[in-house]
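Notes follow the structure.
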Amino acid sequence: MSIMMLIIYIAPILVGAYALSRRDKSFQQGLVRGLEQFTIIVPRMICALIGAEFMAMLVPTEFISQFLGTDAGMVAILIGSLAGLLVPSGPVISFSIAATFADAGASVPAIVSFITAWSLFTAHRIFIYEIPLLGLSFLRLRLISVIILPPLAGTLILIWTGMLSLAGL
Amino acid sequence: MTTADNPNNPRPAYTRNRWITLLQASFGLSFWLFAGFALVMGTLCYIVLGPVAFSSAVTKDLQQLLGILPRVVAALALAGFIWILMPRDRFSQLVGRYRGFTGLVLAEMAGIITPGGPASAFPFLAIIGRAGADRGILVAYITSWALLGIQRVLVWDLPFMGAELTTTRFLVSLPLPIIAGLIAQRIPLPLSFGEPQQQEQGRP
């Protein structure tokens with residue numbers, strides 16, 4: 001992890017040094033562009049993060065967990081997908097919830113659907129990176145393109161295990 | 001393309017007026033939507049959960065912001081330099097060459113091996129998007145990164161969910177980015193990567 005963090009900080013220094021070495025105003029232009037983006041992104045980011053944190057506290061995850069743990073089959077897959085969509089928290093809380101589901105005997109397809117949905121719809125990521133860097137038209141296109149993936153992931157596991165049991169394995 | 005997007009033309013001088021426009025853009029309509037969202041959620045939190053939970057949420061917010069801000073600054077500086085330095089014509093040809101199924105497979109592989117979390121994946125996506133990469137490739141890349149990114153699988157899936165469930169999820173997710181990319185290619189919605197300030201100005 002710390003090596004990855006290091007890369008995030010070293011990469012702009014290296015690329016910036018290269019820009020400076022070209023002596024053609026690339027460095028200044030790059031900085032101005034970064035500053036422009038900063039001015040536009042950061043005020044929104046602060047509001048979005050604060051809002052998402054409050055929302056994370058309001059979503060009744062324990063209440064949802066009952067439903068995810070009790071049922072199997074397609075119903076559990078759909079509830080798992082929906083739960084992953086509604087949990088707007090970071091990976092620590094989301095994976096803790098997923099691990100609790102697993103311990104409580106939730107079906108593997110339901111857990112996989114939950115993790116898939118959370119991975120694709122993480123609110124922090126959408127607010128901090130996706131909307132500022134790519135804009136709403138891309139967000140709309142992406143959400144429509146991936147909306148079926150969480151239940152599809154769970155269903156693929158159901159089909160696979162069904163085929164295995166048919167083959168007598 | 002505006003003159004500012006063309007690397008052959010020098011960018012316009014940054015007059016005072018330009019920065020005022022920029023500030024207007026940064027506090028434009030969508031800023032107030034986010035501010036309203038935070039205000040409504042904060043008020044709900046205060047009413048439903050009480051002042052103690054409210055203040056603990058505020059503390060967590062501030063810590064999180066302090067942790068994230070340096071990474072956002074680094075990511076934006078990197079994106080800014082790359083934006084200026086990138087040989088756009090050659091890069092467009094490169095990403096434009098991969099449009100079919102091969103492109104989706106390459107996008108998925110790139111998503112799996114991208115290091116450094118969202119602070120590197122999203123700026124990269126913005127760069128290839130503005131260079132004219134196919135929409136299917138963009139969606140396949142970010143879907144692959146979100147579901148299969150090797151760093152995330154090793155750091156989060158494996159410790160929390162164990163080897164067996166992680167392997168199952170990884171294998172079953174392998175076709176998903178390509179499916180998402182194929183769907184994206186068939187959605188005829190308009191897609192613009194225009195500058196945020198220009199989008200703001202375009203609003204009534």
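Could you look through region B:29-69, keep only residues that are within 30 Å of A:ILE10 (Cα to Cα) and at the interface with chain A (Cβ under 8 Å from one of its Cβ atoms), and pick out the one that is surrounded by the most Cβ atoms within 10 Å (Cβ to Cβ)? Before you say what the answer is, go through the steps one by one.
Restricting attention to region B:29-69, the residues satisfying the condition of being within 30 Å of A:ILE10 (Cα to Cα) are B:59-69.
Subsequent filtering for residues that are at the interface with chain A (Cβ under 8 Å from one of its Cβ atoms) retains B:60-61, B:64-65, B:68-69.
Values: B:LYS60: 16, B:ASP61: 19, B:GLN64: 16, B:LEU65: 16, B:ILE68: 17, B:LEU69: 14.
This residue is B:ASP61.
What's the number of the only condition in (1) modelled with pLDDT of 85 or more; (2) facing chain B (nearest Cβ under 10 Å) that A:ILE77 fails to meet?
Evaluating A:ILE77 over (1) modelled with pLDDT of 85 or more; (2) facing chain B (nearest Cβ under 10 Å) leaves (2) as the failure.
Need a quick list: helices (runs of 4 or more DSSP H) entirely within region A:80-166 having at least 1 residues that are in contact with an Asp or Glu (Cβ under 6 Å, 6 or more places away or on another chain) and on the phi < 0 side of the Ramachandran plot. Quick ask: steps written out before the conclusion?
Values: elements: A:91-103, A:108-121, A:131-134, A:136-146, A:149-166.
Where helices (runs of 4 or more DSSP H) fall fully within region A:80-166 and carry at least 1 residues being in contact with an Asp or Glu (Cβ under 6 Å, 6 or more places away or on another chain) and on the phi < 0 side of the Ramachandran plot, they are A:136-146.
Taking A:ALA48 as the residue in question, decide whether it is in contact with a His (Cβ under 7 Å, 6 or more places away or on another chain), modelled with pLDDT of 70 or more and within 10 Å of chain B (Cβ to nearest Cβ). Outline the logic, then answer.
On the way: in contact with a His (Cβ under 7 Å, 6 or more places away or on another chain): no; modelled with pLDDT of 70 or more: yes; within 10 Å of chain B (Cβ to nearest Cβ): yes.
Considered against the rule, which asks whether it is in contact with a His (Cβ under 7 Å, 6 or more places away or on another chain), modelled with pLDDT of 70 or more and within 10 Å of chain B (Cβ to nearest Cβ), A:ALA48 comes out as no.
From A:ASP24, A:ASP71, which residue is acidic (Asp, Glu), over 22 Å from the mean Cα position of the chain (by Cα) and at pLDDT below 75? Spell out how you get there, then give the answer.
Working: A:ASP24 fails: at pLDDT below 75.
Exactly one of A:ASP24, A:ASP71 is acidic (Asp, Glu), over 22 Å from the mean Cα position of the chain (by Cα) and at pLDDT below 75, namely A:ASP71.
Report yes if A:THR161 is hydroxyl-bearing (Ser, Thr, Tyr) and touching a residue at least 60 places away in the same chain (Cβ under 8 Å), otherwise no. Give the derivation first.
Working: hydroxyl-bearing (Ser, Thr, Tyr): yes; touching a residue at least 60 places away in the same chain (Cβ under 8 Å): no.
No.
Could you say which residue among A:ILE147, A:ILE157 is out of contact with any helix residue (DSSP H, G or I) (no Cβ under 8 Å at 6 or more places or on another chain) and modelled with pLDDT of 85 or more? Lay out the reasoning, then the answer.
Values: A:ILE157 fails: out of contact with any helix residue (DSSP H, G or I) (no Cβ under 8 Å at 6 or more places or on another chain).
That would be A:ILE147, the only listed residue that is out of contact with any helix residue (DSSP H, G or I) (no Cβ under 8 Å at 6 or more places or on another chain) and modelled with pLDDT of 85 or more.
State which residue is nearest to the other protein chains (Cβ to nearest Cβ) when the search covers only region B:161-177 and only residues that are of a type in the set (A, V, I, L, M, F, W, C) and surrounded by fewer than 20 Cβ atoms within 10 Å (Cβ to Cβ).
The first filter runs over region B:161-177 and keeps only residues of a type in the set (A, V, I, L, M, F, W, C), leaving B:161, B:163, B:165, B:170-172, B:174, B:176.
Next cut, surrounded by fewer than 20 Cβ atoms within 10 Å (Cβ to Cβ) only: B:163, B:165, B:170-171, B:174.
Details: B:ALA163: 13, B:LEU165: 6, B:PHE170: 10, B:LEU171: 9, B:LEU174: 10 Å.
Once the filter is applied, the top-ranked residue is B:LEU165.
The values are calculated or read from the model by the stated rules, or taken from the named source; none is laboratory data. Quantities reported herein were computed from a predicted structural model and do not represent experimental measurements. When we count neighbours, we look across all protein chains shown, and the Cβ atoms used for this are built from the backbone with ideal geometry, even at glycine.
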